[in-house]
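Read-outs throughout are calculated quantities, based only on the coordinates presented, and are distinct from any laboratory measurement. From a predicted model like this one, the values you see are computed outputs, not experimental measurements. Note that each Cβ is placed from the backbone with ideal geometry, even for glycine, and that neighbours are counted across all protein chains shown.
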Amino acid sequence: MNTSIVGKQFDLTDSIKAHIDGAVDSLKKYNLDIISVRTVISADEKNGKKGFSIEFAINMAHKNTIIIQQKDKDVYAAIDLAIERAKKVLSRHHDKITNHKKPEIIVEEVTVEGSDDEIVPMRLDSYKPIEIEDAMNELKASDKAFMVFHDMEDKFRVMYKKADGRFGLY
């Protein structure tokens with residue numbers, strides 16, 4: 001993971017750099033593919049009050065860049081608050097990725113207006129991948145006109161019987 005620390009209108013000290021490096025290293029525990037973290041610290045002064053603005057830009061593989069901005073009177077407090085917010089975002093993303101629940105399949109009946117035909121959805125018999133030859137043998141043994149299955153390359157395939165007794169495959 002590449003880290004860069006930039007100070008705008010602010011002199012970076014070694015202790016601030018070490019504090020940021022330690023905080024950024026704590027983001028590794030989520031086992032996400034973090035490519036780089038860019039930290040920008042700037043000194044702000046509004047209405048005579050001094051403050052600090054921290055911005056973390058976290059670049060991750062296969063995800064948009066996460067940007068965390070935090071303002072506070074103390075630079076260390078601003079860093080800590082920004083890191084806590086980053087941890088919360090990364091924790092949510094990690095939980096979303098590692099959630100092993102299968103999505104629930106919603107089955108609904110559909111009728112076409114003005115027609116007596118009814119479409120009734122059906123579930124696949126097997127979600128396991130099967131060989132194309134096994135699917136052809138299963139289709140031969142049944143009275144079905146077609147069969148939908150996953151092949152060994154994990155592609156959805158449709159095998160069907162032609163009128164001349166041969167088989168077609170999509």
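So how do Thr39, Thr3, Thr98 line up by other beta-carbon neighbours within 10 Å, fewest first?
Thr98, Thr3, Thr39
Listed here are the pairs Lys96/Lys155; Lys87/Lys128; Lys128/Lys161; which of them are more than 29 Å apart at the Cα?
Lys87/Lys128
Tell me the label-point distance for the pair Asp44, Thr65, using the 7 Å Cα-to-Cβ offset, in nm and rounded to one decimal.
2.0 nm
Can you give the local net charge around Lys8? Use residues other than it whose beta-carbon is closer than 14 angstrom to its beta-carbon, Lys and Arg +1, Asp and Glu -1. Intermediate values should be presented prior to the final figure.
On the way: positive: Arg38, Lys71; negative: Asp11, Asp44, Glu45, Glu55.
With Lys, Arg at +1 and Asp, Glu at -1, the net is -2.
Calculate the all-directions average of the projected area of segment 122-169's alpha-carbon convex hull, and give it in nm².
3.3 nm²
Using a cut-off of 16 Å between alpha-carbon atoms, which lysines can reach Lys49, once sequence neighbours fewer than 8 places away in the same chain are excluded?
Within the straight-line cut-off, Lys49 pairs with Lys71, Lys73.
Which residues in segment 31-51 place their backbone N less than 19 Å from a point set 7 Å from the Cα of Ser15 along the Cα-to-Cβ direction?
Hits in segment 31-51 for Ser15 at 19 Å: 41-43, 51.
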